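Working notes, structure below.
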2 protein chains.
Amino acid sequence: MAPDEKRSLGRRRDKQPAPSPVAADSSEDELERSWLQQLVGYHLRMAHLALYRDFAAAVADYDLTQKQLAALELIATNPGASQVDIAQALSMDRATMMSMVKRLLSRGLIERRASKIDRRRHEIRLSPEGVSTLERVHGIIDHHEDSFLAVLSGEERAQLITLLRRLYERRSA
Amino acid sequence: MAPDEKRSLGRRRDKQPAPSPVAADSSEDELERSWLQQLVGYHLRMAHLALYRDFAAAVADYDLTQKQLAALELIATNPGASQVDIAQALSMDRATMMSMVKRLLSRGLIERRASKIDRRRHEIRLSPEGVSTLERVHGIIDHHEDSFLAVLSGEERAQLITLLRRLYERRSA
DNA sequence: ATCAAATAGTATGCAAGACATACGATTTTA
DNA sequence: TAAAATCGTATGTCTTGCATACTATTTGAT
């Protein structure tokens with residue numbers, strides 16, 4: 001077999017936050033992480049990472065990142081929006097948006113043309129290929145979400161979304 | 001300011017009769033994002049990004065990332081653990097861990113020495129400077145978490161953590 | 001006991017995202 | 001009309017994530 005086999009996202013057993021200093025042994029694969037456990041940021045990062053890996057595997061054939069998908073989706077539902085419109089909606093800065101736009105353009109997923117009313121702006125929209133790609137990806141993502149979220153009930157899922165939204169929306173009003 | 005003619009906001013899509021409770025608050029410069037709104041992945045990413053920015057600002061003086069802090073914390077509570085031990089606990093691969101270890105070493109936050117029982121391993125532990133740094137950072141992070149999570153009650157916070165953990169723990173073999 | 005497989009650390013290289021800074025073209029507004 | 005704000009753009013840096021591959025060491029199966 002290949003010496004370097006990765007993709008082993010599943011070797012974690014359930015564990016109680018039992019305080020047991022593991023010391024310099026570490027033959028067990030469970031480490032003590034007491035303080036971290038109470039940080040929402042820690043769990044948020046771990047959960048996002050896990051979900052993102054699942055996401056990436058699901059859309060591997062299309063080579064899309066979460067961010068790119070979000071951008072494409074926003075562009076699809078808001079044809080003619082400018083780069084900053086999309087960037088703001090996704091909380092990313094112009095520079096980061098720029099590199100993504102270039103990438104998406106070079107892959108032929110989006111098109112761009114100068115706005116007639118404001119010549120500073122470039123209106124972005126999906127290319128025909130972008131449209132069909134997005135269409136196919138929708139089904140894949142829906143399935144990925146369903147399977148990844150299977151451990152939660154519909155109600156819990158909705159609750160999770162509500163809690164997450166409260167964390168990043170607001171801070172404005 | 002920006003009288004900018006909002007490009008068509010609520011353009012209807014063919015699919016999805018839209019019973020979605022989504023556009024409840026979309027007012028002025030809001031872009032339509034119907035489909036995205038139902039994806040946990042989307043909200044997870046947005047929430048994590050928002051929290052991470054707050055985190056980064058909070059520890060700006062110490063120049064630490066979430067991941068680095070988690071690693072340091074794990075090293076602190078599990079002195080003598082090897083690189084892979086830490087890597088596995090944080091779901092990162094050896095190569096990524098390697099670059100982080102090098103960074104942390106060059107900053108003098110951790111120390112390393114060969115294991116006597118298994119000469120392939122290098123035991124990692126905090127340096128005195130790492131200890132004092134971590135000590136000071138703890139307070140800062142606690143405060144950052146408290147203020148960022150202020151929009152949630154204690155119970156909601158606990159619930160959020162529970163839900164997140166269920167998303168990434170399990171998946172055991 | 002021996003040889004093959006697994007493990008730990010290491011080195012490279014690449015893609016992406018995030019952020020900072022700066023500049024030109026084009027509005028907006030004061 | 002001049003100053004300020006916007007938008008797109010270009011650079012460059014840092015961190016993470018991941019693939020590959022190589023060495024040294026330990027383990028395990030025969």
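The values are calculated or read from the model by the stated rules, or taken from the named source; none is laboratory data. If you're wondering where the values come from, they're calculated on a predicted model, not measured in any experiment. When we count neighbours, we look across all protein chains shown, and the Cβ atoms used for this are built from the backbone with ideal geometry, even at glycine. These accessible areas exclude ligands, DNA and RNA; they are computed on the full protein's heavy atoms, side chains included. Shrake-Rupley method; radii C 1.70, N 1.55, O 1.52, S 1.80 Å.
Side notes on the structure shown:
- Neighbours by Cβ (under 7 Å, 6+ apart or cross-chain): first from the range B:59-77, within 7 Å of chain A (Cβ to nearest Cβ); second open to solvent by 40 Å² or more (accessible area, probe 1.4 Å): B:66/B:52; B:77/A:34
- Members of the range B:115-164 found to be within 16 Å of DNA strand D (Cβ to nearest atom) and under 25 Å from residue A:40 (Cβ atoms), listed by number: B:130, B:133, B:134, B:137, B:141, B:164
- Evaluated against (1) at the interface with chain A (Cβ under 7 Å from one of its Cβ atoms); (2) within 30 Å of residue A:147 (Cβ to Cβ); (3) modelled with pLDDT of 90 or more, residue B:31 falls short on exactly one condition, (3).
- Residue tally, condition open to solvent by 50 Å² or more (accessible area, probe 1.4 Å) and aliphatic (A, V, I, L, M), over the range A:99-116: 2
- Residue list for the range B:62-106, restricted to those being within 12 Å of DNA strand C (Cβ to nearest atom), closer than 14 Å to residue B:125 by Cα and in a loop (DSSP other than H, G, I, E, B): B:80, B:82
- Out of B:135, B:129, one residue alone is away from chain A (no Cβ under 11 Å), closer than 19 Å to residue B:58 by Cα, surrounded by fewer than 18 Cβ atoms within 10 Å (Cβ to Cβ) and charged (D, E, K, R). It is B:135.
- When residue A:119 is tested against (1) over 26 Å from residue B:149 (Cβ atoms); (2) crowded, with 18+ Cβ neighbours inside 10 Å, only condition (2) is not met.
- Boolean, residue A:53 is surrounded by 15 or more Cβ atoms within 10 Å (Cβ to Cβ), out of contact with any His (no Cβ under 7 Å at 6 or more places or on another chain) and not hydrophobic (A, V, I, L, M, F, W, C): yes
- Candidates A:81, A:89, A:47, filtered to the one that is open to solvent by less than 10 Å² (accessible area, probe 1.4 Å), closer than 30 Å to residue B:69 by Cβ and at the interface with another protein chain (Cβ under 10 Å from one of its Cβ atoms): A:47
- Cβ-Cβ under 8 Å pairs, at least 6 apart or on other chains, the range A:127-152 side more than 16 Å from residue B:39 (Cβ to Cβ), far side buried (at least 16 other Cβ atoms within 10 Å of the Cβ) and of a type in the set (Gly, Ala, Ser): A:130/A:76; A:131/A:76
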